[in-house]
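The values are calculated or read from the model by the stated rules, or taken from the named source; none is laboratory data. On a predicted model such as this, the values are computed, not experimentally measured, just so you know. Accessible surface is based on the protein model in full, side chains and every heavy atom, while ligands, DNA and RNA are left aside. Shrake-Rupley method; radii C 1.70, N 1.55, O 1.52, S 1.80 Å.
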Amino acid sequence: EKVKKFTIILRKAMHNTFRYGQGTKDLSGPSGYSTEDYVRKVAWRLNRYIATEEEEAPPPEVSEPDRWFQRNYGVDDDKARTLFEKFDVDRDGSIDYKEFEKMLVSLGVAPLKKIEHDEDSDSN
């Protein structure tokens, strides 16, 4: 029973090490750990699990970083603000659906409805 329990905890420690982005280079890419560092990280996590026998908190939600933290985005903020203000007709600091729709049409990027032609009307 002790071996089974140890195996389950070890498996969880290995799995969570990968889940937290701390896998080996061969599976996680260039930012991954060396095999020795991975084994050390699994051992550290395993010791924690054995000591507490509790699951760690789930990994953080991964989402796209705010564009301010991205390099080479290349947006001219002053021009973007001017464009925003042009379409924020009621000057409330947000663009409602009608203002958004007018903006899309004005910029020429509005999705258009597909117009179906009645074939009978073409022959008359």
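Remarks
- Looking only at residues of segment 7-37 that are of a type in the set (A, V, I, L, M) and within 21 Å of Glu61 (Cα to Cα), we find that the one that is least open to solvent (accessible area, probe 1.4 Å) is Ala13.
- Qualifying residue in segment 84-106 (condition: within 29 Å of the chain's Cα centre (by Cα), at pLDDT below 85 and open to solvent by less than 80 Å² (accessible area, probe 1.4 Å)): no
- Leading residue by the ranking (modelled with the highest pLDDT) among those in segment 38-64 that are charged (D, E, K, R) and open to solvent by 70 Å² or more (accessible area, probe 1.4 Å): Arg40
- Unmet criterion (only one of (1) open to solvent by 70 Å² or more (accessible area, probe 1.4 Å); (2) modelled with pLDDT of 90 or more) for Phe69: (2)
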